[in-house]
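A.B. asks: Mind looking over this structure? Questions follow.
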């Protein structure tokens, strides 16, 4: 009996030992070797996913909250994460975005907005009017240098009128008020009480746009991934990797080395890259306007025929080719030719020295010999047609325009000179009115307002350096800014432009082009805009690997 039990126990122990070994030893699944074609396809899929990353750059980050941010390059990147209340379209006209529709009160001071009701934040909650109200409160308490701080200069009050509706009252009736509402909207529940720009939440953006936050490594990079629930469409490009760059020069180097895929640049930089075979150039219209100004305090330029003669002497086509290298848009008035408010039916002054000569003769400016300096007799006093062109030495484009203009005016019989000064002296001379003519340029705001350069109230203390003053012009400006009706606005702007072209307070030259440089990987319908280079990024795609 005992021997039987002993044998039985031995058998049990052998079985238990065998089971224990089987449990403790990791199982190795025997796989058939992968076919070469399958392995290649697997690697290709992996590489394709890794290559579907758009590489960009921005400056050092103090905050990733778009309403507290003070840096323009950071703002550009954050437009991938946050959408605006109202956006500007290709014709520079306010168009729906978060707000789907709007209407004005009878007096034009209050705007009633209806929001899209199915926009999701990236945490899954729904965007409501509370978020817009909170965003306005955030802008109001932001630092003076915050990118969107100027918005509050147009607004006097706002209130929620429904879950997806609100009203905004403006300081005054102004046709540009809508343009000021192109600010990003942030989540009230996520950002509430986050007053420190560098707090954890303010450095971990949660938006409603095409891309959402993945991670951020201070001083190194920001990683975004596409938002699969974006109301405005899902991008084809999976991820965006944004490296922290010290300055514009570093951006150029990174682009040249293939470290970043895209680089935004102005007309002065286009020549550096547009001839590179591996570089695509996507041009867009900038808000930078170049012009010739007159000093209306000088009796010479109070004569419209002199201003017209100068206008006819400007070789705009030659300037476009030689100074802008073709990357500009010739202008007749300060209103942008790409704007929905642009009026083409105005007086024009194509390059024509014969017409210029006739105008000078009509003002009794004559020369005793062909090609000589013109003079005229006034009350037995001999006057010489003499003038100088003020220009700042740092701006090569302006200097080249001044040289071109001086050559033409000399050929017409002007005793002409160019006064090249450092910018500080140039600006001081303008403010004091110590010039005859000047070559100038302005970077206009997205909010159209030309009061500062045309209204008589600005002639002595503002930036109307020319000292131009005209009651009719003041009235036309008031009409253009005092309506919120599209039809009336279009007509008012038409009248304004006709007056500008007729009176010539300035000779408009051109609007400069800017460009989005991209390596050969970027394709699709790329249509950058001045206020958003990533406009309709859902139509962008990447092909091939980045070369670096």
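All of the numbers you see were taken from the coordinates with simple rules; none came from a lab. Note that this is a predicted model, so its numbers are computed, not measured. Cβ sites come from the backbone with ideal geometry, for glycine too, and all protein chains shown count toward neighbours.
A.B. asks: Could you work out how much longer the chain between residue 355 and residue 421 gets when fully extended? Use 0.36 nm per residue separation minus the Cα distance between them, nm to one decimal.
C.D. replies: Between residue 355 and residue 421, full extension yields 20.6 nm more.
A.B. asks: Counting C-alpha atoms alone, how compact is the chain: give Rg to one decimal and Dmax as a whole number, in angstrom.
C.D. replies: Using the Cα atoms of the chain, the pair Rg, Dmax is 32.0, 153 Å.
A.B. asks: How large are Rg and Dmax for the range 422-495 when only the alpha carbon atoms are used, in Å?
C.D. replies: 14.5, 45
A.B. asks: I've got another one for you. How large is the convex hull of the C-alpha atoms of the range 286-513 per residue, in Å³?
C.D. replies: 124
A.B. asks: In addition: Based on other C-beta atoms within 10 Å, arrange 241, 181 from fewest to most.
C.D. replies: 241, 181
A.B. asks: If you don't mind, there's one more thing I want to ask. How much length, in nm to one decimal, is gained on full extension between residue 344 and residue 520, taken as 0.36 nm per residue of separation minus their Cα-Cα distance?
C.D. replies: Roughly 59.7 nm would be gained on extension.
A.B. asks: Treat the count of other C-beta atoms within 10 Å as a stand-in for reagent exposure and order 456, 417 from fewest to most.
C.D. replies: 417, 456
A.B. asks: Per the Kirkwood formula on distinct C-alpha pairs, the Rh of the range 82-192 is how many angstrom?
C.D. replies: Final number for the Kirkwood radius of the range 82-192 is 14.2 Å.
A.B. asks: Which three extents, in angstrom, do the Cα atoms of the range 165-228 have along their principal axes, listed largest first?
C.D. replies: 45, 27, 25
A.B. asks: Please say if the range 176-298 is rounded, prolate or oblate, where rounded means a/c under 1.5 for a ≥ b ≥ c the square roots of the C-alpha gyration tensor eigenvalues, and otherwise the choice is prolate for a/b larger than b/c and oblate otherwise?
C.D. replies: oblate
A.B. asks: Could you line up 486, 285, 251 from fewest to most neighbouring Cβ atoms inside 10 Å?
C.D. replies: Result, fewest neighbours first: 486, 285, 251.
A.B. asks: What are the principal axis extents of the Cα atoms in the range 266-365, in Å, biggest first?
C.D. replies: Largest first, the range 266-365 extends 58, 29, 25 Å along its Cα principal axes.
A.B. asks: Could I ask something else about it? With the Cα gyration tensor of the range 336-440 in hand, convert its eigenvalues to equivalent ellipsoid semi-axes via √(5λ) and list them largest first in whole Å.
C.D. replies: That gives 27, 22, 14 Å for the three semi-axes.
A.B. asks: Per DSSP helix of 4 or more residues, -39500 (n - 2.57); summed, then divided by the residues of the chain. What does that give at 222 nm, rounded to the nearest 500?
C.D. replies: Rounded to the nearest 500, the figure is -9000 deg cm²/dmol.
A.B. asks: At 37 °C and 0.692 mPa s, grab the translational diffusion coefficient of the range 494-548 from Stokes-Einstein with a Kirkwood Rh over Cα pairs, rounded to a whole number in µm² per second.
C.D. replies: The calculation lands on 221 µm²/s.
A.B. asks: So what is the relative contact order of the range 286-513, in percent, for Cα pairs below 8 Å that sit 6 or more residues apart?
C.D. replies: 35
A.B. asks: A further question on this structure: What's the extension gain from residue 123 to residue 101 if we count 0.36 nm per residue and subtract their Cα-Cα distance?
C.D. replies: Using 0.36 nm per residue and subtracting the Cα-Cα distance, I get 5.4 nm.
A.B. asks: Next question, about the same structure. Taking only C-alpha pairs under 8 Å that are 6+ residues apart, what is the relative contact order of the chain in percent?
C.D. replies: Reported relative contact order: 19 percent.
A.B. asks: On C-alpha positions alone, give me the angle between the axis of helix 423-432 and the longest principal axis of the chain, in degrees, nearest 10.
C.D. replies: 50
A.B. asks: Based on the alpha-carbon gyration tensor of the range 437-548, what equivalent-ellipsoid semi-axes (square roots of 5 times the eigenvalues) come out, in whole Å, largest first?
C.D. replies: 39, 18, 11
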